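K.L.:
What follows is a structure written as structure tokens; I'll ask about it next.
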Amino acid sequence: MLSRRQKHILLKFFGMFSVVRGYNILIIVIAQYLASIYILAHDKPFKQVVLDLNLFLLVLASSVTIAGGYIINNFYDSEKDLINRPIKSKLDKLVSQNTKLSFYFVLNFLAVIMVSYVSFKAVIFFSIYIFGIWFYSHKLKKMPFVGNLTSAILTITPFFAIFMYYKNFETVIFVHAVFLFLLISMRELTKDLENITGDLTQNYHTIPVIYGEIVSKRILTVLAILTLFPIYLLLFKFEIGYMYMYFYLSIVLMVVFLVLLWKSKTKLHYLLGHSILKFIIVLGVFSILLIDINLLLNRIL
């Protein structure tokens, strides 16, 4: 049996895990390594990429910085989350605001220390990234369009760090990035529709609050159509192995999303749409393995 103190510590751990969204960070770590192995450094030996200390430090620093970003975002959104996510908010409140801020500063400090081993340019990059996350949470998040655009850029920034490290400027990488950027933009706007009640209450000037749900749905439809362009290029202009199956499935799921979107009237409907987009993104991470099936089989055998 656990003592009262042990239970208290365990609850605080789960509370902090909820705040930093550890499950999301794990997916990003996997995505960074898979992107490095199969896309950004596909011409390098598998072991050389996986055992690269600089890559490990960049991925670890990204994870720590993102965790800090979730903390500061949670700090500023605590009142809004009471309305939009009451259950999660109760779990988050197990950790005091002072503790959250302490962790935030410690994590960002650790991130800068880690990348200082890689290069001074990496220190500058992550310092700007950390500032960008704070400025977004403090100011930009409440602004229509700017907030959505900034959020999408900040989400793909960890991949840009790896991209700059390997200096791989192949066109296919930019096409993949455009597709991911459009998906994340759709997810952010869908999340705004899902959270419209709390945003209205806390005076957040999001697109659904300022322009209404119909305009938001039209924008989402346009973004969904735009994803067809990078999908077409990836399917017919570049060699992506068996990953073509993922993109065909993405088209089907996007149609399902749009049908659901235009029928959506409640938070539950938007939550389901958000889940579909998140599923497409997460599935895309693991579908990277299909780019070079021979490399995958060699690892298994």
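K.L.:
Taking the stretch 216-238 as the region of interest, how many residues are at pLDDT 95 or above and of a type in the set (Lys, Arg)?
P.N.:
2
K.L.:
Restrict the check to the stretch 80-103 and report whether at least one residue is assigned to a helix (DSSP H, G or I), of a type outside the set (Gly, Ala, Ser) and within 30 Å of Ile288 (Cα to Cα).
P.N.:
Pass one, the stretch 80-103, residues assigned to a helix (DSSP H, G or I): 80-84, 86-92, 97-103.
If we keep only those that are of a type outside the set (Gly, Ala, Ser) too, we end up with 80-84, 86-88, 90-92, 97-101, 103.
Applying the additional criterion that residues be within 30 Å of Ile288 (Cα to Cα) yields none.
Within the stretch 80-103, not a single residue is assigned to a helix (DSSP H, G or I), of a type outside the set (Gly, Ala, Ser) and within 30 Å of Ile288 (Cα to Cα).
K.L.:
If a residue has to be of a type in the set (S, T, N, Q) and more than 18 Å from the chain's Cα centre (by Cα) to count, how many in the stretch 35-90 make the cut?
P.N.:
The qualifying residues number 5.
K.L.:
Can you tell me which residues in the stretch 204-219 are polar (S, T, N, Q) and under 18 Å from Arg85 (Cβ atoms)? Before you say what the answer is, go through the steps one by one.
P.N.:
Of the residues in the stretch 204-219, the ones polar (S, T, N, Q) are 206, 216.
Residue satisfying the conditions is Thr206 alone.
K.L.:
Given the conditions (1) of a type outside the set (S, T, N, Q); (2) more than 30 Å from Tyr166 (Cβ to Cβ); (3) part of a helix (DSSP H, G or I), which single one is not true for Ile72?
P.N.:
That leaves (2) as the condition not met.
K.L.:
Between residues in the stretch 82-105 that are closer than 20 Å to Gly198 by Cα and at pLDDT below 85 and residues that are of a type in the set (A, V, I, L, M) and surrounded by 13 or more Cβ atoms within 10 Å (Cβ to Cβ), which pairs lie under 6 Å by C-beta distance while being six or more apart or on different chains?
P.N.:
That search, which allows pairs on different chains as well, returns Ser89/Leu82; Asp92/Val19.
K.L.:
Still on this structure, please answer the following. Looking only at residues that are surrounded by 14 or more Cβ atoms within 10 Å (Cβ to Cβ) and basic (Lys, Arg) in the stretch 253-294, which one is nearest to Glu239 (Cα to Cα)?
P.N.:
My answer is Lys278.
The rows are residues; the columns are (1) free of Cβ contacts under 8 Å to residues at least 24 places away in the same chain; (2) crowded, with 16+ Cβ neighbours inside 10 Å; (3) under 18 Å from the mean Cα position of the chain (by Cα).
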residue	(1), (2), (3)
Phe135	yes, no, yes
Ser151	no, yes, yes
Phe159	no, yes, yes
His176	no, yes, yes
Thr190	no, yes, yes
Asn203	no, no, no
Thr206	no, yes, no
Ile210	no, no, no
Val222	yes, no, no
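The values are calculated or read from the model by the stated rules, or taken from the named source; none is laboratory data. These numbers come from a predicted model, not from an experiment. A quick note on method: Cβ atoms are made from the backbone with ideal geometry, for glycine too, and the neighbour counts reach across all protein chains shown.
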